[in-house]
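In what follows, a single structure is set out as structure tokens and then discussed.
Derivation of every value follows stated rules applied to the coordinates shown; laboratory data play no part. Predicted model, so just to flag it, every value in this text is computed and none were measured. Cβ placement follows ideal geometry from the backbone for every residue including glycine, while neighbour counts extend to all protein chains displayed.
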Amino acid sequence: MTNFIQNESPDNEYEDGAIPMEGIIINDEQESPRCLCHHHQFAIKTKQSNCHHFNNQYKDNFKERFYKEQNLLKESQINYQKLLEHYNHDKNKWENEENQYRQIIETLQIKREELKAEAIQYQLALGSITNLRWDDANMNNSVNLNKDIGKLQSLLLEFTQLKGKAYSIKELGMNNLFEHFGSQSDSKHKPTCRAALQRFVIETILEQLDRYLLVGKNLQDNDLIERDLLQKFGGLGMSLENFMKMRKGTGNSINLISIKLRQEIFAILGNHGFANKDNQFVVNLKSSLLREMEKYRKIESPDKSVEQEARAVEIILEVVRILYFRVRAQEPIISLRWFDNGEPLNRNMMEWASDGDDHDKVVDICAFPVIGINLDHPEIWQIYTKAKVQICKINDEPRKKSSRFLGIFSMAYWYSQKKY
């Protein structure tokens, strides 16, 4: 009986290239060495054939997948290129639109600045009328005005100097001045003498200014410019007042213009009034003031006499400009008030040298007036500068004040009461 059964040809292969091992039947019991060797060779050849088959199949699959992936990559590159071109196209379009919008914005910004500048000009033009407060840099600002009032007080102290061998007090004249102010002080008390002289200087200057503005005789036209300006302003003010009464309308612009006009006129006078020191009014007033001062004080030193003569011109100009013109450049107009002998002390409106026990003291002489707004209404007043006063004990029968200075500030009062 046959021990080995195989196909007709061991070299034949099936259609798929694999040789099935189950086609070999061996009888293990009668297997010979020759048959066993042939069997192993056939098995090896079968495995090699199968490996070759699987290798070819793998290569074919790989190539197919490779070409497929390669086609997908090319397609992706083409799509990417199209997207990139589309993006660049849109980007250029957006950049162009952005540039156009930027140009429009720049044009609008330029136009806005032009309109803003134009609006500012209108506001300045309107604001200069409606704004009745002076800006911080202006000399008529309340702070700057208060500083200049302090400088004027220092000038008055220097001009009414009594200390030292260069000065001596004329007792008779000083006593007469004390009597005029209702004071019973002794001429040996120099602080009170200086206070009397300071008030005398201020009142004399303002009295002479009133006369100049009301009359102005024996002066050249060039020396009457300040008077003419105020007279024309007064006439214009009355015309505006009549216009407001007769021509009714809406708004308050005319009244504001009247106030602003008054402020500007007095501000100009406060800055430039009597600027030429050879002005005949100033020259005449200087001579008159120095002549009057000689009744109360004697200057022993020629150098001091020359010095005081030059200082007299400065005092005249500062008193006129500050206490007459610049106080009327404010809105509301600033008031000046003197305190007479025997009036009660008031720390809110006065300053004085105190020894700590003032309960039985009153005003002796007011050297410098209190300056402020609404001085008759303590609940709303605004004090710029307190009055400088010398004090004394209460006297049951104070001296009667002379009437020599009645009527002082008459022209000033007339101007200050006008709404314009």
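Over all alpha-carbon pairs in region 151-192, figure out the percentage whose distance exceeds 13 Å. Taking all Cα-Cα pairs of region 151-192, the fraction more than 13 Å apart is 60 percent. Only Cα sites of region 253-406 enter the Debye sum here, all with the same form factor; the resulting log10 I(q)/I(0) across q = 0.10, 0.13, 0.17 1/Å is -0.53, -0.86, -1.18, listed in q order. Each residue, Asp340 and Lys304, gets one label point 7 Å from its Cα in the Cβ direction; the gap between the two is 3.4 nm. Taking label positions 7 Å along the Cα-Cβ direction at both Lys47 and Ile383, the computed distance is 12.6 nm, reported to one decimal.
Per-residue extension of 0.36 nm, minus the Cα-Cα distance of Lys295 and Asn79, leaves a gain of 66.3 nm for this segment.
Given labels modelled 7 Å from the Cα in the Cβ direction, how far is it in nm from Glu64 to His40? A separation of 3.9 nm, rounded to one decimal place.
The HN-Hα couplings worked out from phi for region 349-357 by the Karplus form 6.51 cos²θ - 1.76 cosθ + 1.60 (θ = phi - 60°) are 10, 10, 10, 7, 6, 10, 9, x, 10 Hz, whole numbers, x standing for Gly and Pro.
What does the charge count around Asn146 come to, taking other residues whose C-beta lies under 15 Å from its C-beta (Lys +1, Arg +1, Asp -1, Glu -1)? Within the 15 Å Cβ shell, the charges total +3.
Projected over every direction and averaged, the convex hull enclosing the alpha-carbon atoms of region 47-200 yields 30.1 nm². Computed extension gain for Ser354 through Glu98, at 0.36 nm per residue and net of the alpha carbon distance, reaches 84.3 nm. The peptide list 155-168, 190-203, 366-379, put in order of mean Cβ contacts within 10 Å with the highest first, becomes 190-203, 366-379, 155-168. Annotation for region 349-397 versus region 169-196: alpha-carbon center distance of 19 Å.
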